[in-house]
Each structure stands twice: as structure tokens, then as C-alpha cells.
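Encoded as C-alpha cells, the structure appears first; notes follow it.
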Amino acid sequence: MLYGNPNWSRNPDWPRELAEELGNIAIQFANYEFVFSHLVGFAERLDKPTLYREILTLPPSEKLRRLRGFVADKSDEISRIYSNLCDRFEVVLTDRNRYLHAYWYKAAPGSNEFVFVDIHGKKDKLSKETHKCTIRDVAVVGMACAIQMHNLNMLRGMPEIDGFFEYLSLPDALPIPNAAPRKIPYDHRKKAAERDK
């Protein structure tokens, strides 16, 4: 009767502030990743439909790999800037992943510290580490996304990249390739709840 209990999703070890900061990381990183996707498309000289179809649908690590591949073996100023932006994106991506994909526990009653279990790596080489942090540590990662978005302003005034901001601007409406409504997956919890009555 887990789902029948109105308190099933409430965890006293998860204060509202921690949930808010984790949510803030997710939202801020989504914005940052969207802009970074446009940077990949701009560097590769992709038109907008190709950007939306091929780049926006990639996981963040693949977007990073694409831009790094584009600047590999190049030593001009623009490639150096792209490489620097890749380094910054990778740092924020790593921090975002370690917090959002972690298992969280309260360090001790009355403490402002949390213990989180960070599981990372590839499918066949996963590793697990345990860390302590505070809500402020989590908040810093959300702020880092906003700071890196602001740092993209360094591209303004560079003739070779200045067009990026026009490329980034969104059209009034995007064409929808398949307007047919998607089927909503069957919710097995409803059937289980009816069975448990």
C-alpha cells in the first residue's frame, strides 16, 4: 500500500531547500546545455533543422565530444576559445551528474551536511564514491551554470564568432515534423492500486 499512503513520497531527510537546489541545477543546466548545443551547431555550420534534429537530441557528453572533435588539431584563436568553453562545460557537466545521479542521505540528525553516493563511469566500469556536502555546495553548481552562460558574452565583438548570438536567437515558431499526438504509456501503478484495494 505504498502508493495509497499520502506521505509515501515525503522523506524527512530531504529538506525542501535541498530539493530546490537540485531542481535548480537541473533547470540551469538544461538552459546551459541548450546554448552549448547551439555553439556546436554554429561551429559546425549546421542549419537550424539539422541542429534540432541531430544535436539537440544528443546527450551532453556527445555534444561535448562533437565540439572537441571539431577543434581537434587546430591551433587558431577561435578553436582555442571553443576548447576552453568545452573544458568549462565538462566541469559543470561532471558536477551536475554527480549531484543529480546520486543517492542522498542526511549525515546526522540536526546536521546541515548530507552524504551522497556518487556512482559514475561507463556500464562496465562503474565506480562508487561517498561524499559529504552542504546545501550551499549544491547551490554553487546551479550558479556555475548561470556563470558559464554569462561567460559566453566573451564571444561578442569577435568577428569570427559574433554571428553566434544571431544563430542562437529562436524563431517565432518551430516546424513540428510529426504533429500526431504521442501515445501515453500505460500506468501500471493504477492497475496495482486497484488490485490492492
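As an exercise: evaluate I78 against (1) crowded, with 17+ Cβ neighbours inside 10 Å; (2) part of a helix (DSSP H, G or I) and give the number of the one condition it does not meet.
Of (1) crowded, with 17+ Cβ neighbours inside 10 Å; (2) part of a helix (DSSP H, G or I), only one is false for I78: (1).
Check segment 81-98 and report whether any residue there is closer than 19 Å to G142 by Cβ and assigned to a loop (DSSP other than H, G, I, E, B).
Looking through segment 81-98, none of the residues is closer than 19 Å to G142 by Cβ and assigned to a loop (DSSP other than H, G, I, E, B).
Taking segment 12-33 as the region of interest, how many residues are surrounded by 14 or more Cβ atoms within 10 Å (Cβ to Cβ) and closer than 19 Å to F164 by Cα?
Qualifying residue count, segment 12-33: 2.
Here is a list: L56, L64. Which entry is open to solvent by less than 30 Å² (accessible area, probe 1.4 Å) and closer than 19 Å to F29 by Cβ?
Values: L56 fails: open to solvent by less than 30 Å² (accessible area, probe 1.4 Å).
Unique residue meeting the criteria: L64.
Just need a number here: residues in segment 78-102 that are of a type in the set (D, E, K, R) and free of Cβ contacts under 8 Å to residues at least 12 places away in the same chain. Before the answer, list the steps.
Applying the first criterion (of a type in the set (D, E, K, R)) to segment 78-102 yields 80, 87-88, 90, 95-96, 98.
Filter once more, so that each one left must be free of Cβ contacts under 8 Å to residues at least 12 places away in the same chain: 80, 87.
Total meeting the criteria: 2.
For segment 111-124, give me each residue that is open to solvent by 50 Å² or more (accessible area, probe 1.4 Å) and modelled with pLDDT of 80 or more.
Taking segment 111-124 first, the residues open to solvent by 50 Å² or more (accessible area, probe 1.4 Å) are 112-113, 119-124.
Matches in segment 111-124: N112, E113.
Based on this model, can you work out whether L170 counts as open to solvent by 90 Å² or more (accessible area, probe 1.4 Å), modelled with pLDDT under 80 and touching a strand residue (DSSP E or B) at 6+ places or on another chain (Cβ under 9 Å)? Walk me through it before giving the result.
Working: open to solvent by 90 Å² or more (accessible area, probe 1.4 Å): yes; modelled with pLDDT under 80: yes; touching a strand residue (DSSP E or B) at 6+ places or on another chain (Cβ under 9 Å): no.
So L170 fails the test.
Would you confirm, using the coordinates I've provided, whether R136 is assigned to a helix (DSSP H, G or I) and under 20 Å from Q28 (Cβ atoms)? Walk me through it before giving the result.
On the way: assigned to a helix (DSSP H, G or I): yes; under 20 Å from Q28 (Cβ atoms): yes.
The answer is yes for R136.
The values are calculated or read from the model by the stated rules, or taken from the named source; none is laboratory data. All figures in this text were calculated on a predicted structure; none of them were measured in a lab. Cβ atoms come from the backbone with ideal geometry, glycine included; neighbour counts cover every protein chain shown. Surface areas here come from the heavy atoms of the whole protein model, side chains and all, with no ligands, DNA or RNA. Shrake-Rupley method; radii C 1.70, N 1.55, O 1.52, S 1.80 Å.
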